[in-house]
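Contents: one structure, followed by commentary.
The values are calculated or read from the model by the stated rules, or taken from the named source; none is laboratory data. Computed from a predicted model, the values in this text were never measured in an experiment. Ideal geometry is used to build each Cβ from the backbone, glycine not excepted, and the neighbour counts take in all protein chains shown. Note: areas computed on protein heavy atoms with side chains; ligands, DNA, RNA excluded. Shrake-Rupley method; radii C 1.70, N 1.55, O 1.52, S 1.80 Å.
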Amino acid sequence: MTSQATRPIRLGFEHLSKSYPSSRRAGGNAAGHLVLKDIHLDVFEGEFLVIVGPSGCGKSTLLDLAAGLSLPTDGRIVLDGRAVTKPGPERSVVFQNYALFPWKTVFDNIAFALSAAGVPRRAQLERVRRVLALVGLEDAADRYPHQLSGGMKQRVAIARSLSLEPEVLLMDEPFGALDAQTREGLQAELRRLWRRHNMTIIFITHDIDEALSLGQRVAIMGRAPGRIVDVVQLPFQPDAAVDEIRTHPEYGELRRYIRAVLSQPDAVTRAVA
Amino acid sequence: MSASVTDGYARTPSSRSLRIRLRLGVPARVASRSAALLALVCVWELLSRTGAVNPLFLPPFSVVIADVYHGFATGYLVQHVVASLGRAVPGLFFALLVGVPLGLALEASRSLNTFIGPVVEVLRNTSALALLPVFTLMLGIGETSKIAMVFYAALWPILLGTMNGLRGVDPLWIKAGRSMGLSGGKLFVKIVIPASLPSIFTGIRLAAAAGLLVLVAAEMVGSRAGLGYVINAAQLDFDLPGMYAAILVLSVVGYVTNAALVLVETHFLRWKTS
């Protein structure tokens, strides 16, 4: 824990609140419907942080704020010391439903993001090739999304985000729509990519096992309003395989604890350090 | 990477049917597609030749096709096909020019939609054929009223196709575009328009069919040229082979128009079928 404190902060959520203007019919008060309440969380450089929470707790809203897709009602998000006010190529988002453009080939989907980020045409070819190789899809460059399986689509989406060489990778339940086997394969692949490229990743999920096998730290969110209930430091080695993590002596206890916090955020006392 | 090896390319029906088509080859494909047409022609010929249907009212196909040949050889039918196309193409073109931007505007602005929407709803449910006398009164019996008729009939499918296309744009694509730093005009040109194209193309094909339909009726009522005029005039002269010849040519014009539009469509929408 002490080494954590000295690591530089890449992205900071500073006392963040978000409320939507409420319609009177919905029974909201004058202040609006509060979605996120006083989120305060630092994400360190090169860290893999997983945010786990029940559906409807505002975790996707939190990611949208980090991406700059919407603005907080209160507080701010700071990236490398500067406040985030709009989207930028230094923060790239991977969505649950891939968000690939069906009218573009795999190659063009990635090149499109590079163009949007202002990467010159000449440099694009090489970069697209490189990231496709990274996710093992060199041969799929000329295919259209509808010709790919779900797992391949998500790998293309990840490649597209990686091609931008972002400082922070924001992942919004990226494996939620995949079957269990494909999901495990991609989890392992993502961990490998993270180790190799020293990326900062904020990963959102509602799956406790996914949270435990991917992250270094797990932030647990509560619902109504969305808030951080606890942040757990995981004891697993960064290069541990998923199977090693699952059989780790503390795994069961951590799993039980997170599950208890998720179901009753206010009644549980911390059992693990 | 073991998992990545096992999940292979998704098998799509289109790739399978492509393989079947490749195996059969082009001649087999043409044969299978024209078999039913050939049968139809044979039935027509037989009905007329055997007298099952009065040959005076339904001349044999061979007689009609000879008349088509004669019409093209003398240039008579060519002249009327050109006259009809000279009205259909500009009408369709203007409908495209107005329909797509109007559809975009109506979908983009809620206040414009509530304001103009009801007017659009009423007009689009007013048959173009019912308005034929109105167009003739306003614009005379010349080319302008015919082109205006085609325009009117073609406008609505294009307008609705455009609006439908815009409504079908997945918000996630917009979100993804925004997260890449695109906004406003770029988002519109690079994501909204390509995403709506399939629906716009469907609208264009429906518009072409509707335009031709209305044009023939308009030509029948008040014109001295065009395939509609030929059909009507031949019937009045009791030149039934000539009438059927014009009908046949009209069918072919409609078929070719649609085929040409499909060709353009598949070129632009390769991503849907390839």
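Heavy atoms only, 1.4 Å probe, whole protein assembly: order A:GLU173, A:GLU165, B:GLU219 by accessible area, highest first.
So the residues, ranked largest to smallest area, are A:GLU165, A:GLU173, B:GLU219.
Amide H to amide H under 5 Å from A:ARG217: which residues, 5+ apart in sequence or cross-chain, H placed 1.01 Å off N in plane?
A:PHE48, A:VAL50, A:LEU234
Compute the separation of the alpha-carbon centres of the stretch B:43-82 and the stretch A:108-125 and state it in Å as a whole number.
Between the Cα centres of the stretch B:43-82 and the stretch A:108-125 lies a distance of 60 Å.
To the nearest whole number, what is the average tally of beta carbon atoms from other chains within 10 Å of the beta carbons of peptide A:93-103?
Taking all residues of A:93-103 together, the mean is 5.
From the helices alone, meaning DSSP H stretches of at least four residues, give me the mean residue ellipticity at 222 nm for the protein assembly as shown, per-run term -39500 (n - 2.57), in deg cm²/dmol to the nearest 500.
-19000 deg cm²/dmol
Which whole-Hz couplings ³J(HN,Hα) result when phi for each residue of the stretch A:170-184 is put into the Karplus expression 6.51 cos²θ - 1.76 cosθ + 1.60, θ = phi - 60°, listed in order with x for Gly and Pro?
9, 10, 9, 6, x, 9, x, 9, 9, 6, 4, 5, 4, 4, 5
Using r as the Cβ-Cβ distance of A:LEU125 and B:LEU112, and R0 as 56 Å, what FRET efficiency do you calculate, to the nearest 0.05?
It comes out at approximately 0.85.
Can you return the lysines within cross-link range of A:LYS86? Criterion is Cα-Cα under 24 Å, with same-chain partners fewer than 8 residues away left out.
A:LYS18, A:LYS37, A:LYS59, B:LYS175, B:LYS186, B:LYS190
Out of A:TYR20, A:PHE236, A:VAL218, whose Cα points farthest toward the positive end of the dipole of chain A (charges: +1 Lys, Arg; -1 Asp, Glu; placed on Cβ)?
A:TYR20
Among DSSP bridges having both ends in the protein assembly as shown, what percentage is antiparallel? Round to the nearest 5.
Of those bridges, close to 50 percent are antiparallel.
Using alpha carbon centroids, what distance separates the stretch A:169-240 and the stretch A:73-92, in Å?
Using only Cα atoms to place each centre, the spacing works out to 21 Å.
If DNA, RNA and ligands are ignored and the probe is 1.4 Å, what is the ranking of B:VAL230, A:VAL231 by accessible area, most exposed first?
A:VAL231, B:VAL230
Rounded, prolate or oblate: pick one for the protein assembly as shown, where a ≥ b ≥ c are the square roots of the eigenvalues of its C-alpha gyration tensor, a/c under 1.5 means rounded, and failing that, prolate if a/b is larger than b/c, else oblate.
It is prolate, given that a/c is not under 1.5 and a/b is the larger ratio.
So how far, in whole Å, is the C-alpha centre of the stretch B:209-271 from the one of the stretch B:91-142?
Using only Cα atoms to place each centre, the spacing works out to 23 Å.
Hey, can you grab everything whose amide H is under 5 Å from the amide H of A:HIS33? Only 5+ residues off in sequence or another chain; H modelled, so Pro and N-termini drop out.
A:TYR20, A:SER22
If you put +1 on each Lys and Arg Cβ and -1 on each Asp and Glu Cβ, how big is the dipole of the protein assembly as shown around its Cα centre, in Debye rounded to 20?
260 debye
With +1 on each Lys and Arg Cβ and -1 on each Asp and Glu Cβ, and nothing else charged, work out how big the dipole of chain B is about its Cα centre, in Debye to the nearest 20.
About 1300 debye.
Enumerate the amide H contacts of A:VAL229 below 5 Å, restricted to partners 5 or more residues apart or on another chain; note that Pro and chain-start residues carry no placed amide H.
Excluding prolines and chain starts, which carry no amide H, the hits are A:ILE220, A:MET221, A:GLY222.
If you take the square roots of the eigenvalues of the alpha-carbon gyration tensor of chain B and sort them as a ≥ b ≥ c, do you get rounded (a/c under 1.5), prolate (a/b over b/c) or oblate?
Oblate.
Karplus couplings for the stretch B:181-197 from phi (6.51 cos²θ - 1.76 cosθ + 1.60, θ = phi - 60°), rounded to Hz, Gly and Pro as x?
So the Karplus estimates, Gly and Pro as x, are x, 7, 7, x, x, 5, 4, 5, 6, 8, 10, 5, 5, x, 5, 8, 3 Hz.
Could you tell me which residue out of B:THR257, B:VAL169, B:LEU212 lies farthest along the dipole of the stretch B:59-273 toward its positive end? Charges go on the beta carbon: Lys and Arg +1, Asp and Glu -1, centred on the Cα centre.
B:VAL169
Need one word for the stretch B:31-81: rounded, prolate or oblate. Basis is the Cα gyration tensor (sqrt eigenvalues a ≥ b ≥ c); a/c below 1.5 gives rounded, then a/b vs b/c decides.
Verdict is oblate for the stretch B:31-81.
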